[in-house]
């Protein structure tokens, strides 16, 4: 009996040692495979677990500033999920989520929040894991107001182009429209068609579209001229403009190139700085650009952010003063600077960039940091993040900003921007008719702010090859500004 117990104890001891050794091997191997080799294994093409997990994740909602649902996750019968977008026209903002094509827009920028990768307590994470419950993401609340967004889309209509509306004080983007757009609900079946579409519906024209700004950029030239002291509100322009072929409009010769002053009514000279601005005289602003000089002019362009992407929740393209390296130092340098000063040359800008120009004028010379995400909240309603408005840069003195505001208000009251006027409300603005390639209609532009006495909203509108800014973009901006003032 005693020997039998001893044999049994020996078996138990050996089995215990094997269990201990096996446990130690597993303990040593587990960190290696989960931490050391884990990311590599997770990324292997044949590993379908991450994809399966993603297909079951209940992504958080995307909401507008008033709680209107823009995107949500619906459950399918097979246990997987599908993303539903209530406002396809907002695809340039919300973007898309697709197991086949990935993510774009806010879906990509706030992926960690939407899939619930942050904010859940340790207890919530453990409970979800033990019960094999699908992950539930956080809600992302945008600054977009769908009431204003609808009007911006209606104002653009069938025209290609963009509208950007922002709060001049905080930088909150209230509307961001880009046409043509795509329907993210049908992305999986239409992606190849969208990629091949010559209209480029996948391009966010508001943040990535690059256009010559035309006369809207005279606002920057005006600021540079006032800040450098080369002009003042009392400056009078007296040009001897030689009428070609008996016409009223005259030519100005720079580096053997001709500049027209065809915008000024009846070519009437002399006129003051306000007259030059509200009637958008190319000759006067070419002259101001030359007086400022290439180095100082480049400095003011950089102050406004040209040359680098604007920090934003969505990808942005950098606006550019020029593309040719010696553009302002070569043989045609004087004409290059003059033409840039009235908004042509090699100058290309995004609508977001020009909305920030208008905002700086309205905001005492300060450019607000533009942003789209107002806050992030958990499924239980707990606030995880709140936007904190800040100033991106100060580009001019408050005195200069006040002077330019007055001139922009005069432009809408009695100049080419009259079609943006709203009865009983002061509106400031500047139109632009930007020349494009030969035989093509110009781009139609408007930038501005309202109300004039205490500017709260800034706007930029561009319509591709739509004609004069006063005929197309300014009336579109008026519709949006009216909606803003009625809803706020």
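For the reader, a short list of remarks on this structure follows.
- Going from the residue with the fewest nearby Cβ atoms within 10 Å to the one with the most, 334, 271 rank 334, 271.
- Per-selection Kirkwood Rh - segment 136-175 (Cα, Å, 1 d.p.): 11.5 Å
- Take each peptide in 205-211, 183-189, 377-383, count the other Cβ atoms within 10 Å of every residue, and average; sorted highest first, the result is 205-211, 183-189, 377-383.
- Cα gyration tensor shape of segment 377-425, rounded if a/c is under 1.5, else prolate or oblate by comparing a/b with b/c: oblate
- Averaging the sequence gap over all C-alpha pairs within less than 8 Å and six or more residues apart, then dividing by the number of residues, gives segment 305-425 a relative contact order of 19 percent.
- Segment 302-454: C-alpha gyration tensor shape, a/c 1.5 cut-off, then a/b vs b/c: oblate
- In plain terms, the residue of 354, 463, 407, 103 with the fewest other Cβ atoms within 10 Å comes first and the most crowded comes last, giving 103, 407, 463, 354.
- Sorted largest first, extent of segment 377-488 alpha carbons per principal axis (Å): 57, 35, 30
- With the convex hull drawn around the C-alpha atoms of segment 400-464, the volume per residue stands at 90 Å³.
- Per-residue Cβ neighbour counts within 10 Å put 446, 312, 328, 342 in the sequence 312, 328, 342, 446, beginning with the fewest.
Read-outs throughout are calculated quantities, based only on the coordinates presented, and are distinct from any laboratory measurement. Just so it is clear, the structure is predicted and the values come from calculations on it, not from any experiment. Positions of Cβ are backbone-derived with ideal geometry, glycine not excepted, and every protein chain shown enters the neighbour counts.
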